[in-house]
Amino acid sequence: ALKKDSADGHNNLGNILKAQGKLHAAIDHFNSALSINPLFSQAHNNLANVLMQQSKISDAEKSYKKALKINPNYSEALNNLGHAIQCLGRVREAKKYYKKAIEINPNYAEAYNNLGTALREIGELKLAILNFEKALNLNPKYYKALINLAQALHDSLEGSRALVILKDAIKLDPKRYEAYDTMGLIMRRLDKPKDALKFFKIAQEFKVDETDNLINMAICYQDLGKTEDALKHIRKMIDLKPDSAQAYRQLALLKKFSDEDQDIKHMQNLYNSGLKGQQHVYICFALAKVFEDLGDIEKEFGFLNEGNTYQKKLLNYDISHDKELFKKVRETAFIIRNNTSVVPMGKASPIPIFILGMPRSGTSLVEQIISSHSKVTGGGELSYIHFHGSSLSTGESLCSPERIESFRNTYLERIKSLSQGSPFVTDKMPQNFLYISLICCAFPEAKIVHIQRDSAATC
């Protein structure tokens, strides 16, 4: 009031209003600060933070870039811009900004955490884990980094370590829902729906928005064969959030539709409301199930096709990444082959049987036939070769005899825990064909079954 041309005053007041949740008023003061001083980089950054809260992500991106044009070494704006770009689906581009923020400020725990989330999203789990651990080294009480580390560890088949991390998160703050929620998701993936339900129920006590939990609990009840309980939770979610396409997608999986069903009208209205992104995919797949039940195959196919088309857009797939991957695999294959004779081999126990080929080529049927033998345990689609061997097969790690031996021992140790004492274990991950050179080198005693099927059938 005393000094109306104080850009600092407007900026600071904007921050206070933002903290109070008064976002429109905060924006007015940030804009006032910028009208007084257009080169006020912190005000551009703070304005962008509010726009992010309002889900105006493209506008936020522009404001972060204005802040960085004024101050290219503004580490906070670099980190925030990376987050905005990641929210827009440009994950690989986001990595660049997180790395620049860390380069300027090596003690920036939040930037390490965000870089970890980007790496996890594109499947680079080892590097993701490393960055979450760096964030926690800088700030051991960083709750969000603990949750992210646990999720990445579970993705990388280290479920027991993930559960230890989550227990640490619960000790740190027993009244935050994220750790219980993640515990539930891990238990659900481990096919323990009863245990998962317990954690989802605890999470619900601390959650302001319980809708995600209702979906998760419905899926658990469905896994337990309790369809009525599953339907009850989905109905509750629809009452709380009538525009949830995900809820209708789950509903469609739980019931059979007839011509007079009132749910169909609600789903069609939701479809006509112009949903975007994943919500549009959910409603398309839900309506496909409706018309499958009604016997209208033409409409069913139309919705399936539309849902798949949108899903492909969301995946943002670029074939150039795969072309580069195959090029690296070919080049590294010769290096791996030259190491075959010098890798020291102990006796393999159990001996792996690899069943590989294109997806939908018949790997499941062949595994069922082989694992019916009394000396064979069916391992299913194991991610161990990819997780422990992809860096060797693509040349990202030095492909030395010592590393190949370490990879062999790690894999054999993993499948031994699944073997139930059987001398053979099947691994039917179809995409293991990518790592065939490494498999031949590391496991000369293994059996490899290559499944081939007509290309139209696999497509």
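Would you check if LEU275 is surrounded by 14 or more Cβ atoms within 10 Å (Cβ to Cβ), without any contact (Cβ under 8 Å) to a residue 40 or more places away in the chain and not in a helix (DSSP H, G or I)? Criteria met by LEU275. Applying the condition of being without any contact (Cβ under 8 Å) to a residue 24 or more places away in the chain and assigned to a loop (DSSP other than H, G, I, E, B) to segment 1-24 and asking which residue is most open to solvent (accessible area, probe 1.4 Å) yields LEU2. A single member of ASP28, ASP59 is under 30 Å from the mean Cα position of the chain (by Cα), assigned to a helix (DSSP H, G or I) and either of a type in the set (A, V, I, L, M) or farther than 21 Å from LEU119 by Cα (or both), and it is ASP59. Is at least one residue of segment 45-61 touching an Asp or Glu at 6+ places or on another chain (Cβ under 8 Å), of a type in the set (Gly, Ala, Ser) and closer than 25 Å to SER6 by Cβ? Among the residues of segment 45-61, at least one is touching an Asp or Glu at 6+ places or on another chain (Cβ under 8 Å), of a type in the set (Gly, Ala, Ser) and closer than 25 Å to SER6 by Cβ, which makes the answer yes.
Yes or no, residue by residue, for (1) in contact with a strand residue (DSSP E or B) (Cβ under 7 Å, 6 or more places away or on another chain); (2) modelled with pLDDT of 95 or more; (3) not aliphatic (A, V, I, L, M):
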site: ILE319; (1), (2), (3): no, no, no
site: LEU325; (1), (2), (3): no, no, no
site: ALA333; (1), (2), (3): no, no, no
site: PRO350; (1), (2), (3): yes, no, yes
site: ILE355; (1), (2), (3): yes, yes, no
site: VAL376; (1), (2), (3): yes, yes, no
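Going by what's in this entry, would LEU315 be described as closer than 23 Å to LYS126 by Cα and open to solvent by 100 Å² or more (accessible area, probe 1.4 Å)? Considered against the rule, which asks whether it is closer than 23 Å to LYS126 by Cα and open to solvent by 100 Å² or more (accessible area, probe 1.4 Å), LEU315 comes out as yes. Within the span defined as segment 202-212, one or more residues are farther than 30 Å from LYS276 by Cα and part of a helix (DSSP H, G or I). Within segment 390-429, the only residue that satisfies the criterion of being in contact with an Asp or Glu (Cβ under 6 Å, 6 or more places away or on another chain) and in a strand (DSSP E or B) is THR426. Taking each residue of segment 316-332 that is touching a residue at least 40 places away in the same chain (Cβ under 8 Å) and hydroxyl-bearing (Ser, Thr, Tyr) and looking for partners that are in a helix (DSSP H, G or I) and open to solvent by less than 100 Å² (accessible area, probe 1.4 Å) with beta-carbon atoms closer than 8 Å, six or more apart or interchain, yields THR332/LEU392; THR332/SER393; THR332/SER437. Scanning segment 353-386 for residues that are more than 11 Å from PRO430 (Cβ to Cβ) and in a loop (DSSP other than H, G, I, E, B) turns up SER372, HIS373, SER374, LYS375, GLY379, GLY380, LEU382, SER383. The residue that is surrounded by the most Cβ atoms within 10 Å (Cβ to Cβ), among those in segment 26-39 that are touching a Gly at 6+ places or on another chain (Cβ under 8 Å) and of a type in the set (A, V, I, L, M), is ALA33. Checking each residue of segment 435-443 against the condition of being at pLDDT 85 or above, of a type outside the set (Ser, Thr, Tyr) and open to solvent by 20 Å² or more (accessible area, probe 1.4 Å) gives at least one match. For segment 243-272, a residue qualifies if it is loosely packed, with under 14 Cβ neighbours inside 10 Å, of a type in the set (D, E, K, R) and within 20 Å of ALA230 (Cβ to Cβ), and exactly one does: LYS256.
Across segment 367-407, the qualifying residues are those that are buried (at least 19 other Cβ atoms within 10 Å of the Cβ) and more than 22 Å from GLU158 (Cα to Cα), and the one among them that is nearest to the chain's Cα centre (by Cα) is THR394.
The values are calculated or read from the model by the stated rules, or taken from the named source; none is laboratory data. No experiment lies behind these values; they were computed from the predicted model shown. Note that we place each Cβ from the backbone using ideal geometry, even for glycine, and neighbour counts take in every protein chain shown. Protein only, heavy atoms only, side chains kept; ligands, DNA and RNA dropped before computing areas. Shrake-Rupley method; radii C 1.70, N 1.55, O 1.52, S 1.80 Å.
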